[in-house]
There are 2 protein chains.
Amino acid sequence: MSDKGLSIFEETFSSDLCYLMAMSHIVLANNQVTSRFIEKNYDMPVHAWSTLYATVYFPGILAKEVQVLFPRPQNSISRAIKLLEERQLIRREVDKSDTRAKHLFPTEEGAALLAGIEEKVKQRQEEVFGVLTDSEKETFLRLCRKIIDSDTLNSSAAFEVF
Amino acid sequence: MSDKGLSIFEETFSSDLCYLMAMSHIVLANNQVTSRFIEKNYDMPVHAWSTLYATVYFPGILAKEVQVLFPRPQNSISRAIKLLEERQLIRREVDKSDTRAKHLFPTEEGAALLAGIEEKVKQRQEEVFGVLTDSEKETFLRLCRKIIDSDTLNSSAAFEVF
DNA sequence: GCAATATAGATCCATATGGTTCTATATTGA
DNA sequence: TCAATATAGAACCATATGGATCTATATTGC
């Protein structure tokens, strides 16, 4: 990192928007690395692998629940599901009491593919967060959880149209 | 949040990818709210306002430096600059010793527009991070900084093509 | 019981995105 | 000095994205 880069960081991450800026920076920087890798090596857009992740860990999950875990527009999830089904990485079962709803289940190939991706992403997580001590990691997660569990994350009073 | 949603969160944010998942979740959820607001009320894509931010805070900045602060593909920054210049929110000056490079400066309108956006985004930041105590916010920022300052964030050994 | 409304998810379409390539200029090294 | 290489940024184009709408089914209230 150049001196110029460092002083820009120093100022930005001390500014009035420092928290949002710092957090977004990490996610943007990591996505540049991680998304590119997964798209290149698995020919799979980022929404597809996160939907596959949700399906493997929560078999029977519905599209609308995937959307709660990975906050994305509904049609993005819908498309990801279509792609995963076309590639036979998941299958769908219509809900018995609500025929609109479709439960998602991984196929064997889907579970195997996710295992591969997950292993790689875990290594990547260790690269990114490895710079923190175990105790710092724990703290970081606790603070993230606190933000996620608050009800202001998904809606806004400040952003009512003015 | 439904019970189902809570238990999905509980499990996901305790899993082996908990750190990446938790951080991405916050940024995705916030972007859904913030990006939509700015696009709707200012008719400005997210990259444009972040580039405007960089220009106002670092007048004379180059496109390649904006890219360091907001890790995005080079052509996205290039397009954002074009849009901002077309709307006369920034102007450009060719570098005297390197005629390829163009320094960015905000116009008065650009600075005024950013001030409005920034105020709103600051209110939003307070909604999202307001759930943390001052001390927790400070800790959160310190940990983010530690990750940002490490050299593994922007490249990866794990993701060398295999 | 049934009209009004809400919800799950699919599809449409205009636009944003990002990998790649291109041009112009700078730097490097034999 | 000048060919080889690197860099700043623009442009091209195939694809991803997301707001809006649509269909089908479920729920709600009179």
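The values are calculated or read from the model by the stated rules, or taken from the named source; none is laboratory data. All of these numbers come straight from a predicted model, not from anything done at the bench. Cβ atoms come from the backbone with ideal geometry, glycine included; neighbour counts cover every protein chain shown. The area values use the complete protein model at the heavy-atom level, side chains included, leaving out ligands, DNA and RNA. Shrake-Rupley method; radii C 1.70, N 1.55, O 1.52, S 1.80 Å.
Here are some notes:
- Rounded to the nearest 10 Å², the accessible area of A:CYS144 at probe 1.4 Å: 0
- From largest to smallest, the equivalent ellipsoid semi-axes obtained for chain A from the alpha-carbon gyration tensor read 33, 22, 15 Å.
- Helix-only mean residue ellipticity at 222 nm for chain A, each DSSP H run of n ≥ 4 adding -39500 (n - 2.57), per residue, nearest 500: -21000 deg cm²/dmol
- Accessible area per residue (1.4 Å probe, heavy atoms of protein chains only) ranks B:LYS120, A:LYS82, A:LYS96 as A:LYS96, A:LYS82, B:LYS120, with the largest value leading.
- 0 to 90° range, to nearest 10: angle between helix B:46-57 axis and chain B longest Cα axis: 60
- Inter-label distance, B:GLU39 to A:ARG142: 3.7 nm, where each label sits 7 Å from its Cα along the C-beta direction.
- Protein accessible area in the stretch A:44-149, 1.4 Å probe - carbon and sulfur %: 50
- Shielding by partners, peptide A:132-138 (average Cβ within 10 angstrom, other chains): 2
- Put a dot 7 Å past the Cα of A:ARG91, heading toward its Cβ, do the same for A:PHE105, and the two dots end up 0.6 nm apart.
- The protein assembly as shown: C-alpha gyration tensor shape, a/c 1.5 cut-off, then a/b vs b/c: prolate
- Chain A's nearest residue to the axis relating it to B, judged by Cβ and reported with the distance in whole Å, is A:VAL27, 2.
- Summed over both chains, the accessible area lost when B and A associate is about 8800 Å², using a 1.4 Å probe.
- Solvent exposure, largest accessible area first (probe 1.4 Å, DNA, RNA and ligands not counted), of B:ARG92, A:ARG100, A:ARG79, A:ARG36: A:ARG100, A:ARG36, A:ARG79, B:ARG92
- Hits among lysines - C-alpha to C-alpha of A:LYS122 under 27 Å, sequence gap 8 or more where chains match: A:LYS40, A:LYS64, A:LYS82, A:LYS137, A:LYS146, B:LYS4, B:LYS137, B:LYS146
- Euclidean distance of C-alpha centroids, the stretch A:31-60 and the stretch A:130-153, integer Å: 23
- Relative contact order, percent, chain B [alpha-carbon distance under 8 Å, six or more residues apart]: 16
- Gyration tensor verdict on the stretch A:1-43 (Cα atoms; rounded if a/c is under 1.5, prolate if a/b is larger than b/c, oblate otherwise): oblate
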